[in-house]
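*Asks:* Just dropping this structure here.
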Amino acid sequence: MYIEKEDKMTEAAVILAQVDYNYLDVMGMEIVKGRKFDKTMKTDDSTAVIINETGAKMFGWGDDAIGKKINYGVELDGRVTRPMKVIGVVKDFHFKSLHNAIEPFIFFLQEQPAYFLTCRVNPETMDGTLHFIGQKWSAFGAKQPFNYRQMTDTMDNMYVAENKIAVLIRITTLITIFIALLGLLGLSSFIAEQKTKEVGLRKVHGATIPNILLLLYKDFARLILIAFIMAVPIAWWRLSIWLESNFVYFQEPQWFTFV
């Protein structure tokens, strides 16, 4: 596409979507400047475009994007088949995984029927709604089977590698904790047996259950605390490196995660 930049049209690579008048509402997108597509505006179906905030920033338009020119469909002889203007700026949204930075995005209206239909469905009535859509699909005389996919499934597919890593970490963590607990069980049983007489004497002299537990477990608690203090900085450092090297957008690890 060609965009207006410094009083001339400059070639730019963008991602675009051909949509209808209701698409932004269905997807819950927020207009931060300008307006949405409007059926009462006769020129919207041929000349109007809506861009995202990143597009306005990277094109050098800043807060002055409304009314800027975009040429779509440029022939080899330089003839423009569809000159358009920006009517609105939509708040940035993620259309790829969080591994990727948000890129310039352009929406414009499509006259021809789309290849697929996007619907917002109430999860509580999902089965009934899908059955209804399937009936309508058949009523229109469609020869191809009714196929659909949920956006949550599409999003999950963006993180296949991370999901596999998560499963492996859970399995190895459970095995590690199980082995560690076996060792602690044996050690605590040995110490408790050694201190049987001491526990008996303390009970005779009025020691409470918390006092006895403190006697048995204070050494373990000290070792666990030392291990925790040693492990947290290393885990925090490694996790931060992994996040920074794999994701453009991520949340820093929180303290309660490690606790």
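The values are calculated or read from the model by the stated rules, or taken from the named source; none is laboratory data. Please read these numbers as outputs of a predicted model, since none were measured by experiment. Cβ placement follows ideal geometry from the backbone for every residue including glycine, while neighbour counts extend to all protein chains displayed. Heavy atoms of the whole protein, side chains included, go into the accessibility calculation; ligands, DNA and RNA do not. Shrake-Rupley method; radii C 1.70, N 1.55, O 1.52, S 1.80 Å.
*Asks:* So what's the Cα pair-distance distribution over segment 132-222, bin width 10 Å, in %?
*Replies:* 12, 20, 15, 13, 12, 9, 9, 7, 2
*Asks:* Go through Tyr159, Tyr2 and list them by solvent-accessible area, largest first, probe radius 1.4 Å.
*Replies:* Final ranking, largest accessible area leading: Tyr2, Tyr159.
*Asks:* Right, next: Calculate one ³J(HN,Hα) per residue across segment 11-22 by plugging θ = phi - 60° into the Karplus curve 6.51 cos²θ - 1.76 cosθ + 1.60, and present them in order as whole Hz with x for glycine and proline.
*Replies:* Along segment 11-22, the couplings run 5, 8, 8, 9, 9, 10, 9, 8, 10, 10, 5, 9 Hz.
*Asks:* Output the direction-averaged projected area (hull surface divided by four) of the convex hull of the alpha-carbon atoms of the chain, in nm².
*Replies:* Result: a mean projected hull area of 24.8 nm².
*Asks:* Further, regarding this structure: Over all directions, how big on average is the projection of the convex hull of the alpha-carbon atoms in segment 1-69, in square nanometres?
*Replies:* The number I arrive at for segment 1-69 is 4.9 nm².
*Asks:* Quick check: the distance between the Cα centres of segment 182-259 and segment 115-170, to the nearest angstrom?
*Replies:* So the two Cα centres are separated by 45 Å.
*Asks:* Kindly write out, for segment 252-259 in residue order, the coupling ³J(HN,Hα) from the Karplus curve 6.51 cos²θ - 1.76 cosθ + 1.60 (θ = phi - 60°), rounded to whole Hz, with x marking Gly and Pro.
*Replies:* Using θ = phi - 60°, the values come out as 4, x, 9, 4, 5, 4, 6, 5 Hz.
*Asks:* Suppose all protein chains stay in the model; what accessible area per residue would a 1.4 Å probe give for the chain, in Å²?
*Replies:* The answer is 74 Å² per residue.
*Asks:* Also, quick follow-up: Any lysines with Cα under 23 Å of the Lys42 Cα? List them, leaving off those in the same chain fewer than 8 positions away.
*Replies:* Lys33, Lys68, Lys69, Lys85
*Asks:* Also, I was wondering about something else. Obtain the nm distance between the two label points defined at Trp237 and Asn211 by a simple spin-label model: each point lies 7 Å from its Cα along the Cα-to-C-beta direction.
*Replies:* Going by the 7 Å Cα→Cβ label model, 4.5 nm.
*Asks:* Starting from the Cα of Glu244, step 7 Å along the direction of its Cβ; do the same at Asp38; then give the gap between the two resulting points in nm.
*Replies:* So the two model labels end up 4.8 nm from each other.
*Asks:* Using the Karplus curve 6.51 cos²θ - 1.76 cosθ + 1.60 with θ = phi - 60°, work out ³J(HN,Hα) for each residue of segment 167-173 in order, rounded to whole Hz, and write x for Gly and Pro.
*Replies:* With coefficients 6.51, -1.76 and 1.60, one gets 5, 4, 5, 4, 5, 5, 5 Hz.
*Asks:* Calculate the translational D of segment 42-172 in whole µm² s⁻¹ from Stokes-Einstein, where the hydrodynamic radius comes from the Kirkwood formula applied to all Cα pairs, the temperature is 4 °C and the viscosity 1.567 mPa s.
*Replies:* My calculation gives 68 µm²/s for D.
*Asks:* From the P(r) of segment 26-111, can you give the percent of Cα pairs sitting at distances over 17 Å?
*Replies:* More than 17 Å apart: 50 percent of the Cα pairs in segment 26-111.
*Asks:* Considering amide H positions built from the backbone, and no H for Pro or chain starts, which residues 5 or more places from Arg82, or on another chain, come under 5 Å of its amide H?
*Replies:* Counting only residues 5 or more places away or on other chains, the set is Tyr72.
*Asks:* Under the classification rounded if a/c is under 1.5, otherwise prolate if a/b is larger than b/c and oblate if not, where does segment 97-178 fall, given a ≥ b ≥ c as square roots of the Cα gyration tensor eigenvalues?
*Replies:* Oblate.
*Asks:* Leaving ligands, DNA and RNA out of it, report the carbon-plus-sulfur percent of the accessible area of segment 148-206 at a 1.4 Å probe.
*Replies:* Taking all protein chains in place, segment 148-206 shows 70 percent carbon and sulfur surface.
*Asks:* If all Cα-Cα distances of segment 189-259 are sorted into 10 Å bins from 0 onward, what percent lands in each bin, rounded to whole numbers?
*Replies:* Histogramming segment 189-259 at 10 Å steps yields 16, 29, 18, 16, 13, 6, 1 percent.
*Asks:* What ranking do 47-59, 21-33, 122-134 get when scored by the average of other Cβ atoms within 10 Å per residue, highest first?
*Replies:* 47-59, 21-33, 122-134
*Asks:* Can you say what percent of the DSSP beta bridges in the chain, counting only those with both residues inside, are antiparallel? Round to 5.
*Replies:* The answer is about 65 percent antiparallel.
*Asks:* A follow-up question, please. On a 0 to 90 degree scale, rounded to 10, what angle separates helix 209-246 from the longest Cα axis of the chain?
*Replies:* So the inclination is approximately 30 degrees.
*Asks:* While we're on this one: For Lys5, what residues show an amide H to amide H distance below 5 Å, using hydrogens built from the backbone and excluding near sequence neighbours?
*Replies:* Here the answer is Thr10, since their amide H atoms fall under 5 Å of that of Lys5.
*Asks:* Mind checking which aspartates and glutamates have their C-alpha under 19 Å from Lys96, skipping anything on the same chain fewer than 8 residues away?
*Replies:* Excluding near neighbours in sequence, the set is Glu30, Glu53, Asp153, Asp156, Glu162, Glu244.
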